[in-house]
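Asker: If you scroll down you'll find the structure; I have some questions about it.
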Amino acid sequence: MAESFGTEFTIVEVSARDGSAGELWIALAKPAEALTLVLAAAPEGWNGEVLVIPMTAKQQELFEALNLKPGDVCRLTSR
């Protein structure tokens, strides 16, 4: 079952509908699944968008250190 999520990190930006707040999340899942997983964990009523950005080797190491399992999500930042 976990294999269906994939083994790649996906960054998702979520924000309040009024734009007053926003957060960056990471998911160990394919982009389509990542968006769904993050929105399920984010505050109710928020919108999300997958960010397609290249990841450096350093960022990859940092994300791997989170020890996420396929399908896991983690909030990285909030504003």
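Just so it is clear, none of the values below were taken in a lab; they were calculated from the coordinates. Small disclaimer: the values here were computed from a predicted structure and weren't measured. Reconstructed Cβ throughout: ideal geometry from the backbone, glycine too, with neighbour counts over all protein chains shown.
Asker: When you scan the stretch 1-11, how many residues do you find that are within 8 Å of the chain's Cα centre (by Cα), hydroxyl-bearing (Ser, Thr, Tyr) and farther than 15 Å from Thr77 by Cα?
Answerer: Within the stretch 1-11, residues that are within 8 Å of the chain's Cα centre (by Cα), hydroxyl-bearing (Ser, Thr, Tyr) and farther than 15 Å from Thr77 by Cα number 0.
Asker: Additional query: Mind listing just one residue for me: the one in the stretch 17-36 that is touching a strand residue (DSSP E or B) at 6+ places or on another chain (Cβ under 7 Å) and farther than 18 Å from Met55 by Cβ and, of those, surrounded by the fewest Cβ atoms within 10 Å (Cβ to Cβ)?
Answerer: Checking each candidate, the answer is Arg17.
Asker: Just one of (1) crowded, with 17+ Cβ neighbours inside 10 Å; (2) on the phi > 0 side of the Ramachandran plot trips up Asn67, so point out which.
Answerer: Just one mismatch for Asn67, condition (1).
Asker: Provide a single number: the residues in the stretch 12-29 that are acidic (Asp, Glu) and over 8 Å from the mean Cα position of the chain (by Cα).
Answerer: Going through the stretch 12-29, the residues acidic (Asp, Glu) turn out to be 13, 18, 23.
Filter once more, keeping what is over 8 Å from the mean Cα position of the chain (by Cα): 18, 23.
Looking only at that region, the number is 2.
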